[in-house]
Amino acid sequence: MDFRYPNCRNSQMGPDPNGSNNNSNAINHRPQQSNFNGLNAIYGTLCKLYPRQNNPPQITAKKKWWLGGSDPLDFVSVYINKGDPQRNVPSHWHYVSMGFSDLYGDGRIYPKNNDPSKPSGQGYELTFRLLRDDQDVDSFENGISVWSDPPVWPAAVMQQMARWAFNDTRFSVGEAITWHVPLDGSSQSSGVRHLLLVDDEQLPPISTQNGYVQFIQLYGIFIEEVTAVQRWNGREIARLLKSHYQTGGPYLITNMNRRASIFDIIPDARQIVNSGINRDGSNLTGVHVNWCYWNEWNHSGAFSRASQTLKDQNGSQSGVSLPGVEIFLTPEAALSLPMMVTGRLNHGYLFSFVKSTNPRQIISFLSPNNCNNVQANAYTPYVALAIYVQPIFSYNNVLQLFMTIKVKITDYLKRGFLLQVYVSIELQQAMKIAFRELEVSGSTWTLPLPREYAFTDFNMRIVVTANL
């Protein structure tokens, strides 16, 4: 990526300390081509928010995606936001991507669309707000505003997310993205290593000739905050983060020097989250894990082959009912078990563990309230289904997966499997008691391994182990 100021006729580069440009003759920062409908619409929105910043710096792709380059975003524009002292909002950089939506409307990247009720391209652009350092002080030289160049790394984060998006990954508000390294790539001591997707406080959705565009803001968060998003939901955690200036404030401004999570800064945050989960349930429908494994099990210790082959309406083989089952999970995966019970099953929702390297290997826990169009039920609580054709797994369409899956029992372990576990109300109660010790562990496993949770009355056990 390259950093540049776009060449705008009759304009001086950069805003003054109040966000205004000293040259009153500066032209509007729009491309000369009249058919760039999507780009014009986004520029028009930004001009309303920053009317005097006619010449924002841009971080551009060295070679555009539609010319064979590796960066999907054409560029990222960067503005100075002076904040709002009355709301305790500090000055910050405001990054806005250009390329998730259809900028050109000519089919070079996305199919042409003239329906404003449909998404423009991906249907959104990303934004990012970064706290300005103390050194980023506006000054004047010869009557012209001079300001330091904004950091480039937020644009690199956006480009990486764009590569995922261009490979069929969908992003939505309320989602947490685990990054696992400091977002800026250099602050190794920083705990800001993950992202929360929120609505941009100052940029509402817009309608363009190429479709609608939503502005989704990225906010840097701690792993403890990721866990809270997973256990409850992202919108509520965002609301909690906005309530304190040290955790982002009203605009959710990322501060790479933030040293504490919301649970260290807001004393009753953990109680608020736990109460919210009990009241609302959790939006998280599953987690990807390094591995998950199951085997037939009888609490007496005798292993046997499946006792019953299930048939569909046409009499075809559709699954195998197991007399009992043992499930093996990694410690990281097992930390989700308390939330699975209190945030999902208790509210009538399913929860799935999906092997990251093979999304055809799925273990789904089902409550009595969501057992339509599935094989597992009170009479056959443990059902193995072979995935004969590889599905595209999405947490949002797992029930559709159950309905459309093809089965071939003889090679289900080789091709991939879906294990359905029916969790009765009685089993939910037993699980809630057994998993209580994991709630104390928080986001880090602290108990000895292996750890076994046996539910012998239900002919099931869960084993937590680092190795198989």
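Of all residues in the stretch 219-232 being within 14 Å of Gly191 (Cα to Cα) and touching a helix residue (DSSP H, G or I) at 6+ places or on another chain (Cβ under 8 Å), which is surrounded by the most Cβ atoms within 10 Å (Cβ to Cβ)?
Ile221
Considering Tyr79, Tyr104, which residue is more than 22 Å from the chain's Cα centre (by Cα), more than 20 Å from Val173 (Cα to Cα) and not in a loop (DSSP other than H, G, I, E, B)?
After applying the criteria, what remains is Tyr79.
Return a yes/no flag: does the stretch 230-247 have any residue that is closer than 25 Å to Glu439 by Cβ, β-branched (Val, Ile, Thr) and without any contact (Cβ under 8 Å) to a residue 24 or more places away in the chain.
yes
Given the options Lys112, Lys48, Lys62, name the one that is at pLDDT 95 or above and either of a type in the set (Lys, Arg) or not assigned by TED's automatic domain parsing to the domain that holds Thr254 (or both).
Every option except Lys48 fails the conditions.
Within the stretch 184-194, work out how many residues are farther than 11 Å from Phe222 by Cα and buried (at least 18 other Cβ atoms within 10 Å of the Cβ).
1
If only one of Val226, Val213 is in contact with a strand residue (DSSP E or B) (Cβ under 7 Å, 6 or more places away or on another chain) and closer than 17 Å to Asn283 by Cβ, which one is it?
When all the criteria are applied, what remains is Val226.
Restricting attention to the stretch 328-353, which residues are buried (at least 22 other Cβ atoms within 10 Å of the Cβ) and part of a strand (DSSP E or B)?
Leu329, Phe351, Ser352, Phe353
Taking into account only those residues within the stretch 291-318 that are touching a Ser or Thr at 6+ places or on another chain (Cβ under 9 Å) and modelled with pLDDT of 85 or more, which is farthest from Leu337 (Cα to Cα)?
Taking the candidates together, the pick is Glu296.
Tally up the residues in the stretch 195-210 that are touching a residue at least 60 places away in the same chain (Cβ under 8 Å) and surrounded by fewer than 22 Cβ atoms within 10 Å (Cβ to Cβ), please.
Residues that pass the stated criteria total 5.
Any idea which residue in the stretch 274-284 is nearest to Gly174 (Cα to Cα), counting only those that are touching a residue at least 40 places away in the same chain (Cβ under 8 Å) and surrounded by fewer than 17 Cβ atoms within 10 Å (Cβ to Cβ)?
Asp280
Can you confirm whether the stretch 77-98 contains a residue that is farther than 30 Å from His244 by Cα and buried (at least 19 other Cβ atoms within 10 Å of the Cβ)?
yes
Quick one: in the stretch 66-86, which of the residues that are at pLDDT 95 or above and of a type in the set (S, T, N, Q) is farthest from Asp102 (Cα to Cα)?
Restricting to residues being at pLDDT 95 or above and of a type in the set (S, T, N, Q), the top hit is Asn81.
Do we have any residue at all in the stretch 136-150 that's modelled with pLDDT of 90 or more and either buried (at least 17 other Cβ atoms within 10 Å of the Cβ) or assigned to a strand (DSSP E or B) (or both)?
Yes, because at least one residue in the stretch 136-150 is modelled with pLDDT of 90 or more and either buried (at least 17 other Cβ atoms within 10 Å of the Cβ) or assigned to a strand (DSSP E or B) (or both).
Within the stretch 242-252, can you find the residues that are part of a helix (DSSP H, G or I) and surrounded by fewer than 23 Cβ atoms within 10 Å (Cβ to Cβ)?
Lys242, Tyr245, Gln246
With Arg235, Arg270, Arg163, Arg239 as the choices, which residue is part of a helix (DSSP H, G or I), surrounded by fewer than 18 Cβ atoms within 10 Å (Cβ to Cβ) and in contact with a Gly (Cβ under 7 Å, 6 or more places away or on another chain)?
Only one candidate passes the filter, namely Arg235.
Applying the selection to the stretch 238-277, what residues are of a type in the set (Val, Ile, Thr) and over 23 Å from Phe128 (Cα atoms)?
Answer for the stretch 238-277, where residues must be of a type in the set (Val, Ile, Thr) and over 23 Å from Phe128 (Cα atoms): Ile266, Ile272, Val273, Ile277.
The values are calculated or read from the model by the stated rules, or taken from the named source; none is laboratory data. Not measured: the values here are computed from a predicted model. Neighbour counts are summed over all protein chains in view; Cβ atoms, including those assigned to glycine, are modelled from backbone coordinates with ideal geometry.
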